[in-house]
Amino acid sequence: MRHKLFLHMGTHKTGTTFVQNFMHENRVHLDECGITYADYDAPGLEVPESLRRPISHHHFARAVKDADWVLSERDGLNLIEYWKAALAPRNALMLSAESMSFHQIPVEGSILERRQAYLLKLKEWLSDFDVTPVLVLRAPDEYMRSMFEEKTTKGFGKSFTFAEFVAQFNAPGTMARYFESVEMIDDVFGAATLIDYGCLQEQQAYARNFFRLLGVDLDDAVTESWQRVRTRESLGIIKSLLKSNVNDAISSRKDNARVVEWFRTDQKLGARIATLYGDSACNVWKTVDGYEEILAQRRADVERLLPRFSSHDPVGLRAFLERDLSRGVKPSMDESLATYANRSVSMLLWWRSLVRRVLGLLRTSRRHSRSLVRWWPSWRTEGRHRP
């Protein structure tokens, strides 16, 4: 009997981290519901204890590609044998790593050919399972806006506008390769389950809807546990635009984390944004020259994918096709708001720099003091015996 295997492959910015944390937190309950979330607990496998119950399976995904610092290629193959032996007869195995949707094997040819080589190797490794790839897709305009917010939040050292980000993101073939990769996954494995992010967005029902579309009904005790799951909230488009203006002044990850925390928690900034923008829908796409043409290209990609949805009606993607791209307010940044954010971040970074310098001086003076303490007794002793 071939076990069923769900291969959750993302995509990015569709709640993948939330689903992974949810499955990690509810391993026991999911196992009772017929889903075994894969672990790295195989006998003889030298894996750090903290990684034996992984939140996601990126290490396994990299082991298929070549080798990972945690798992070698042999470890990956041994894990597959362990999963087959340990899996309960009626349970399906679940692997989750969005990196599986874009990994490549360095063979001659185009990016798509390198991605296809990776998928074919992954399929060969998992040939003893009945594999169903699971891909959650998001409307292209929301996807690119969300990616901009993430790049702005994590990035530092270089400032860029949304228009510059879109131009790079839509360089010839870039977004097209994204949709072509989805089609390739569906073609290689034969029967991918495509899920529309618009059907999952409500956080309280996200996990229940996700598994329901896979044919698995979760009990209330499991779905109510979503509140314990850690989620990553974005800054929102206005704060992301403000953050992008100050990124070139940030020089380290620690400073960036402190700046992001300030953007999240500063009440004065939040109050100003609420007063200036309120509930108005900001159409950040209006800052991009020729945005209607860019999104028209993505509409063609979405229309090509719609027939591949079999489990439900992709209402979010259909809404994108019918969306009035001219609606919403172009976010013109208020000068006083931008000035307040720039000054506050500059002051924050200045104080952090000052604290680092003071601590550095204290550490240096402490080393000199220790050297003096070690030198002083020997000097006194030598002085006593002088004629």
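The values are calculated or read from the model by the stated rules, or taken from the named source; none is laboratory data. This structure is a prediction, so every number in the text was calculated from the model and none was measured. Counting neighbours? That spans all protein chains shown, and the Cβs are built from the backbone with ideal geometry, glycine included.
Among the residues of region 43-74, those identified as touching a helix residue (DSSP H, G or I) at 6+ places or on another chain (Cβ under 9 Å), modelled with pLDDT under 90 and assigned to a loop (DSSP other than H, G, I, E, B) are 43, 44, 45, 46, 47, 66, 67, 68, 69, 70. Remark: residue 104 matches the filter, which requires a residue to be surrounded by 14 or more Cβ atoms within 10 Å (Cβ to Cβ) and outside any helix (DSSP H, G or I).
Residue-wise test of (1) at pLDDT 90 or above; (2) within 24 Å of the chain's Cα centre (by Cα); (3) farther than 29 Å from residue 178 by Cβ; (4) of a type outside the set (S, T, N, Q).
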| position | (1), (2), (3), (4) |
| --- | --- |
| 225 | no, yes, yes, no |
| 239 | yes, yes, no, yes |
| 247 | yes, yes, no, no |
| 258 | yes, yes, yes, yes |
| 276 | no, no, yes, yes |
| 281 | no, no, no, yes |
| 305 | yes, yes, no, yes |
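Would you say residue 125 is farther than 18 Å from residue 23 by Cα, at pLDDT 95 or above, of a type outside the set (D, E, K, R) and surrounded by fewer than 20 Cβ atoms within 10 Å (Cβ to Cβ)? Yes.
Residues in region 161-178 that are at pLDDT 90 or above and either crowded, with 18+ Cβ neighbours inside 10 Å or in a loop (DSSP other than H, G, I, E, B) (or both): 161, 162, 165, 166. Out of 51, 137, one residue alone is buried (at least 20 other Cβ atoms within 10 Å of the Cβ) and within 23 Å of residue 35 (Cα to Cα). It is 137. Inside region 103-121, can you point out the residues that are farther than 17 Å from residue 193 by Cα and in contact (Cβ under 8 Å) with a residue 12 or more places away in the chain? Across region 103-121, the qualifying residues are 103, 104, 105, 111, 112, 115, 116, 117, 118, 120, 121.
All of 30, 77 fail the test of being touching a helix residue (DSSP H, G or I) at 6+ places or on another chain (Cβ under 8 Å), assigned to a helix (DSSP H, G or I) and in contact (Cβ under 8 Å) with a residue 60 or more places away in the chain, apart from 30.
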